[in-house]
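Heads up, the thing below is written out as structure tokens.
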Amino acid sequence: MLQEKRPKILCVDDAKLNLKLLESILVPEYEFQGVENGETALIQAAQPPSPDIILLDIMMPDMSGFEVLKKLREDEKTRLIPVVMITALRETEDRVKALEAGCDDFISKPFEKAELLARVKSLLKINYYRQQLDERGKFKAVIDKMSEGIAVCGPDWIIKDSNAAVLKYLNIADPANVNLAETLFKNYSISIPKEQLMNFKTFDIVREEIETAQALYLEANLDALKNPAGELSNIVFTLRDVSAVRREEFLKQNFLGLISHKLRTPLTIILSSASMFARGEISSLNEEQQKAINIISKKSFLLLGIVEKLIGFVMIYGQNPDQPKEAIELKARISLITDSIIKRFKDKKVELNIDCPEDAKLEARKAYFDQILGNLVENAVKFNVKDITKVSIVVKKILQEVIISVADNGPGIPSEEYGHIFEKFYQVEKNFSGQVEGMGLGLALVKKLIEREGGQIKVESKLGQGSTFIFTLSV
Ligand code: ADP
């Protein structure tokens, strides 16, 4: 059976007889170590595992107990070990001197067994709390030096504890009685609606550029801590400055937009010239030439599709939600979107099933909704290589939310990829063949737009059987 570690007690006394006596009293309960002079005591005390208590005789030749104690208190490794001075004298002067040198308790010779054991026991307890406090002190010092901001709030969002960085980032002079959620939504642009705050683990906080400072982009993380009864007890809020990353992203987006626009014009010309050739409008072609020009037409059409998708992505992804929300009749809108997609995949046999209440409505930005559903349905068809592609769309309204699922009977997605497929430019490698149009932007856009509308998306999938994307939007 595993035994709990016994506390270690180092006894320092030049009188062998006293050491023997101490050993006989302490050994049944503690790990005993006896040394006869101060020098050996200092070496032993500094060696890990350090003793939990030192019993130190005052009157010793060479180095007195006072000197040993002073040295113990000066050394980082031994400064916190409780020391009990053993004294034959009851003189106040001695005690004052010992206290000044940093001793924790006294015991007088001759030892009284019960008294000695009681002293040791209570000091062990005090030592435990002292170590805890010391650890907390160190912990607080480290937290305060961190560049990440950390605040702990109660369930009402009132700040209970905070480090220097979080106060600096959020420009809070005095955290007493500050409601963190209110401060955030009052002074900053937040990437999610206030009512949805507790539904998100991560979100962005932006302080717009001001005359004296560049824009500040902060990534916030929330951890809701619950008590044993399952009630929310604390909210741990962390902040990281991601300004440099966001600025770079922004430049990249602009660059992508620029390149795409530059590519579109020559591509359109190539495509229209190739089509004229292919139709025989420029000169008659032999069979070989016809084949080649058909390939050029087909591939440049594909390329143009990619470039247009890229432009659309850059435009919508980078934009602020300035479009107004409008009422969307879901059944009609879904039919419209799916029809136009299915028409584009002429060589696929698609079986579509839409299960949507006639009166289902949504208050949302139409362009966003079209992109969200359009991308999901396009993926459901595009990645499917079965003879018959089955796509099933189910709409349910629960309280103030609509839940929409788009299911297919396609290849499925490995579960380890669930977290990645919503990243920009990510394509599950197996599906990444030159045959599949796309660049891994669809789902990144879908997720971003859903979150802008205050909703969430998740995927469930079985390899070889199909995938279901489920998302929510508030009505
Ligand atoms: P793209 O813009 O290229 O279509 P997405 O971002 O939409 O890419 O999707 C990312 C990856 O997720 C795809 O490369 C594909 O591997 C996988 N994926 C997305 N939807 C489906 C689906 N319905 N069935 C199987 N795989 C899918």
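Every number in this text was worked out from the coordinates using simple rules, so none of it is lab data. Treat the numbers as computed from the prediction; the structure is a model and nothing was measured. Cβ sites come from the backbone with ideal geometry, for glycine too, and all protein chains shown count toward neighbours.
Estimated from the Cβ-Cβ distance and a Förster radius of 60 angstrom, the FRET efficiency linking Asn187 and Leu17 is about 0.20.
Classify the stretch 1-43: rounded, prolate or oblate, from the alpha-carbon gyration tensor (a ≥ b ≥ c, eigenvalue square roots; a/c under 1.5 rounded; otherwise prolate if a/b is larger than b/c)? Since a/c reaches 1.5 but b/c is at least a/b, the shape of the stretch 1-43 is classed as oblate. For Val242, the residues 5 or more places off, or on other chains, whose built amide H falls under 5 Å of its own are Tyr217, Leu218, Glu219. Of all lysines in the structure, those lying under 22 Å Cα to Cα from Lys262, and not within fewer than 8 positions of it along the same chain, are Lys252, Lys298, Lys299, Lys309, Lys424. For the stretch 336-435, trypsin sites (Lys or Arg not before Pro) are listed when DSSP marks them as loop and at most 10 other Cβ atoms sit within 10 Å of their Cβ; the list is Lys346. Backbone geometry of the stretch 363-379 corresponds, through the Karplus equation with coefficients 6.51, -1.76 and 1.60 at θ = phi - 60°, to 3J(HN,Hα) couplings of 9, 7, 7, 4, 4, 5, 4, 4, 5, 4, 5, x, 5, 5, 5, 4, 4 Hz, x marking Gly and Pro.
Each DSSP beta bridge with both residues in the chain is either parallel or antiparallel, and the antiparallel ones are about 70%.
So what is the calculated 222 nm ellipticity per residue for the chain, using -39500 (n - 2.57) for each DSSP H run with n of 4 or more, over all residues, to the nearest 500 deg cm²/dmol?
Details: 12 runs with 198 residues, N = 475.
Using -39500 (n - 2.57) per qualifying helix, the result is -14000 deg cm²/dmol.
Could you size up the charge dipole of the chain around its Cα centre, putting +1 on the beta carbon of Lys and Arg and -1 on that of Asp and Glu, and report it in debye to the nearest 20?
Taking the Cα centre of the chain as origin, the dipole is about 1760 debye.
Give the angle, between 0 and 90 degrees and rounded to the nearest 10, that separates the Cα long axis of helix 92-101 from the longest principal axis of the Cα atoms of the chain. So the inclination is approximately 30 degrees. With 30 Å as the limit on Cα-Cα distance, the pairs of Lys113/Lys138; Lys16/Lys77; Lys325/Lys348; Lys226/Lys361 that go past it are Lys113/Lys138; Lys325/Lys348; Lys226/Lys361.
The spacing between the stretch 5-68 and the stretch 321-381, judged by their C-alpha centroids, is 81 Å. Calculated on the alpha-carbon coordinates, the convex hull of the stretch 214-336 measures out at 261 cubic angstrom per residue.
Each of Ser284, Ser474, Ser415 was scored by other Cβ atoms within 10 Å of its Cβ. Listed from fewest to most, they are Ser284, Ser415, Ser474.
Relative to the globular-protein estimate of 2.2 N^0.38 Å, the Cα radius of gyration of the chain stands at 1.59. Within straight-line reach of Lys462, meaning a Cα separation under 20 Å, sit the following lysines at least 8 residues removed in sequence or on another chain: Lys382, Lys386, Lys390, Lys430. Phi-derived couplings, Karplus 6.51 cos²θ - 1.76 cosθ + 1.60 at θ = phi - 60°, listed residue by residue for the stretch 299-307: 6, 6, 5, 4, 5, 5, x, 5, 4 Hz, with x used for Gly and Pro.
Helix 113-145 and the longest principal axis of the Cα set of the chain meet at an angle near 30°.
A simple spin-label model places pseudo-atoms 7 Å from Cα toward Cβ; at Asn199 and Glu29 they are separated by 5.9 nm.
Hey, what did the chain get for relative contact order, percent, Cα under 8 Å, at least 6 apart? Please list the in-between numbers first.
Details: 723 pairs, mean separation 35.6, N = 475.
Reported relative contact order: 8 percent.
Computed from backbone phi with θ = phi - 60° and the Karplus coefficients 6.51, -1.76 and 1.60, the 3J(HN,Hα) list for the stretch 246-251 is 5, 5, 5, 4, 4, 4 Hz; x is used for glycine and proline.
Once you order the gyration tensor axes a ≥ b ≥ c over the Cα atoms, which shape class does the stretch 288-398 get: rounded for a/c under 1.5, otherwise prolate or oblate by comparing a/b with b/c? Oblate, because a/c is 1.5 or more while a/b does not exceed b/c. With the Cα gyration tensor of the stretch 24-127 giving a ≥ b ≥ c as the square roots of its eigenvalues, does the rule (a/c under 1.5 for rounded; else a/b larger than b/c for prolate; else oblate) give rounded, prolate or oblate? Because its axes are fairly even, with a/c under 1.5, the stretch 24-127 counts as rounded.
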